[in-house]
Amino acid sequence: MGMIKEFKEFAMKGNVVDLAIGVIIGGAFGKIVSSLIDDVITPLLLKPALEAAHLTKLEELTIFGSVKYGNFLSATINFIIVAFVLFLIIKGMNAAKKKEEAAPAAPAEPSSTDKLLMEIRDSLKK
């Protein structure tokens, strides 16, 4: 019974749950990027180059008849897009943190006792 309880505590830790959510979101994000490459970038930007090579998909590019470097190009483009989007997200988060840190808290007003002591001090100076 002790091992099951220990496993339950481990599995329900915040870090494990956060990691699981990150993996799931990362998988979905990967599908979005793949769709962006296959359905948007390749038809719009690479279509003239693919038509010149008599191809329909980037993955079909080959050299020396058997070396498929099109898969490598596709994976490289996917990586660059994912890295750029993550860079933008991190940059936005850092900018938000800097704004929070840059706004200093207003100094607290002196208490009534402090005000009274300041008045006494000022009157003694006179």
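Quick notes on this structure:
- Out of SER74, SER35, one residue alone is of a type in the set (Gly, Ala, Ser) and touching a helix residue (DSSP H, G or I) at 6+ places or on another chain (Cβ under 6 Å). It is SER74.
- Residue match in the range 100-122 (condition: surrounded by 13 or more Cβ atoms within 10 Å (Cβ to Cβ), part of a helix (DSSP H, G or I), hydroxyl-bearing (Ser, Thr, Tyr) and without any contact (Cβ under 8 Å) to a residue 12 or more places away in the chain): no
- Subset of the range 54-82 (residues that are part of a helix (DSSP H, G or I) and modelled with pLDDT under 75): LEU58, GLU59, GLU60
- Filter result (in contact (Cβ under 8 Å) with a residue 40 or more places away in the chain and within 18 Å of ALA28 (Cβ to Cβ)) within the range 67-83: ASN78, ILE81, VAL82
- Where GLY92 falls short, out of the listed (1) of a type outside the set (Phe, Trp, Tyr); (2) in a helix (DSSP H, G or I); (3) modelled with pLDDT under 80: (3)
The values are calculated or read from the model by the stated rules, or taken from the named source; none is laboratory data. The shown structure was predicted, so the numbers you read here are calculated from the model rather than taken from an experiment. Quick reminder, even Gly has a Cβ in these numbers, built from the backbone with ideal geometry, and neighbours come from all protein chains shown.
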